[in-house]
1. Search the structure for amide H atoms under 5 Å from the amide H of residue 82, placed 1.01 Å from N in the peptide plane, and list their residues when 5 or more places away or on another chain.
2. May I ask you to order 17-24, 116-123, 70-77 by the average number of other C-beta atoms within 10 Å around their residues, highest value first?
3. From the phi of every residue in region 150-156, what ³J(HN,Hα) in whole Hz does the Karplus formula 6.51 cos²θ - 1.76 cosθ + 1.60 yield, where θ is phi - 60° and glycine or proline is x?
4. Compute the signed sum of charges (Lys and Arg +1, Asp and Glu -1) over the other residues within less than 13 Å, Cβ to Cβ, of residue 171.
5. Each residue of region 134-139 in turn: what ³J(HN,Hα) in whole Hz from Karplus with 6.51, -1.76, 1.60 and θ = phi - 60°, glycine and Pro shown as x?
6. Quick one: Karplus J couplings for region 105-118, per residue in order, coefficients 6.51, -1.76, 1.60, θ = phi - 60°, nearest Hz, x for Gly and Pro?
7. What residues qualify as long-range amide H neighbours of residue 89, i.e. H under 5 Å apart, gap of 5 or more or another chain, H built at 1.01 Å from N?
8. Report the charge-dipole magnitude of region 5-197 in Debye, nearest 20, computed about the Cα centre from +1 at each Lys and Arg Cβ and -1 at each Asp and Glu Cβ.
Amino acid sequence: MHPNPSFRGTDTQTALDFAVERSFGTLAVSSDGAPLLSHVPFLLNEARTEAQLHLVRSNPICRAAKDGCAARIAVNGPDGYMSPDWYGAEDQVPTWNYIAVHLTGRLEPLPEEALEPMVAAQSAFFEGRLDKAPWTMDKVSDDLPAKFWRMILPFRFVIEEVDSTFKLNQNKTEGVRLSAAGRVEEGVGAELAQLADWMRTPPAAKGS
């Protein structure tokens, strides 16, 4: 997380709302060597206190978390390079704007019978955001589900801490920030239109 408090003041609810909107992140678990990483969709519960996810059985994180373990999920958002020329002000330097939310907590295995309703809930969540009749597991051949369930394992991630960086030029004047927002789509990065929207209306800091 960025150390500048200008970018770290986003309230927890906004950060969790962002995590719910994305519902995809990088799961990280410590190991004897480099950290174990896996890119996973997840589904937060209504209280925003835990997430459910599944992993392929062969994923080494499954072994690391067989008795539960500390873990973190990094949720990334839009990001982009910021050219000093876009600010319309003197003495600016290059930087990179981005949004990231880190969920820190404990990864715990769930009984295998939790797998089917978990996957059904996840697919219903994502299918519900599409403009079509939702896909359901009853659309596959009869022998496929049993094979599928044998390949993956269910987990829950208990959230203990939420940190976020919304680095959107809040440390600059409004005019300078809006000038850059108007040019960011010309640049380099990911989801630049969304990044520009966030720069125009950055989230309010805690207590503001």
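None of the figures in this text is laboratory data; all of them are computed from the coordinates on show. This structure is a prediction, so every number in the text was calculated from the model and none was measured. Cβ placement follows ideal geometry from the backbone for every residue including glycine, while neighbour counts extend to all protein chains displayed.
1. For residue 82, whose amide H was placed from the backbone, the distant partners under 5 Å are 95, 96, 97.
2. Per-residue mean Cβ counts within 10 Å order the peptides as 70-77, 17-24, 116-123.
3. Couplings: 6, 8, 10, 10, x, 9, 10 Hz.
4. Result for the neighbourhood of residue 171: +3.
5. x, 6, 9, 5, 6, 8
6. x, 10, 9, 10, x, 10, x, 4, 5, 7, 5, 4, x, 5
7. Those qualifying (amide H under 5 Å, at least 5 residues apart or on another chain) number zero.
8. Computed about the Cα centre, the dipole is about 400 debye.
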